[in-house]
Amino acid sequence: MSIDFDKKLKVKFRDATPKKRIVEYEQDSTYKKYRKILKEDFRGRCGYCDSPYGIVKKDYHIDHFVPQFIIDKFPTHVRLLNDYTNLVYACPSCNRSKSDKWPSGHPDKPILNEEGFVNPCDEQYDSLFYRDNSGAIHKNGDSKTSEYIYKELKLYLKKHQIVWKIEELITLSKKVINERDIEPELSMFKDLLTYLEEHFEMETV
């Protein structure tokens, strides 16, 4: 496996769109009970930035796609509070950035004048962004919706790139172990050491 980080090539934003199981709505239930299966359905990854829990190592949140703040204003939509279809497995960064943002102000309208959010379980979400081959996330094309999500979720933050590189290193390391005739990409290891020292204050040897 050889990755040239000097050439900015487009790569897929994420490998797969989350597929959520069908869960029958229970009026007296609470959304918190779904944490385990939500993590399973999102493969332990943030629905919005695709960062895996195993690397971020912070407690992931249960995000309400239609925010609780909006739901509380519409008694007719109260079921969305505990409806599994409205839940997203999210890292702390994305969940806090999204917060109560919902431009239309109505639970049935996720987008108003091209501003708002696309459900990360929708395949359309994948087309809104791409990564360069250093792992940085970029908005795809001139879509105002992708620009809005990119800005509001702060997908430009370098932390997303760092997590991606760490995961790539893990993948590469596993491949090197399994196929001993492959020479590791040394520049990737050097980059990782720099990132670890700069952002995680870890001593490296």
Residue, nearest to the chain's Cα centre (by Cα), within the range 136-160, restricted to residues that are part of a helix (DSSP H, G or I) and crowded, with 17+ Cβ neighbours inside 10 Å: H160
Top-ranked residue of the range 51-88 - restricted to ones that are closer than 16 Å to E26 by Cα and of a type in the set (A, V, I, L, M), ranked as surrounded by the most Cβ atoms within 10 Å (Cβ to Cβ): L87
Residue ID - surrounded by the fewest Cβ atoms within 10 Å (Cβ to Cβ), chosen from residues in the range 89-131 that are touching a Pro at 6+ places or on another chain (Cβ under 6 Å) and assigned to a strand (DSSP E or B): L112
Selection within the range 26-56 - hydroxyl-bearing (S, T, Y) and closer than 13 Å to Y84 by Cα: S29, T30, Y31, Y34
Any hit, the range 146-157, residues being small (G, A, S), out of contact with any helix residue (DSSP H, G or I) (no Cβ under 8 Å at 6 or more places or on another chain) and modelled with pLDDT of 95 or more: yes
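The values are calculated or read from the model by the stated rules, or taken from the named source; none is laboratory data. Note that the structure is predicted; figures quoted are calculated from it, not measured. As a convention, Cβ positions derive from the backbone with ideal geometry for all residues, glycine included, and neighbour counts pool all protein chains shown.
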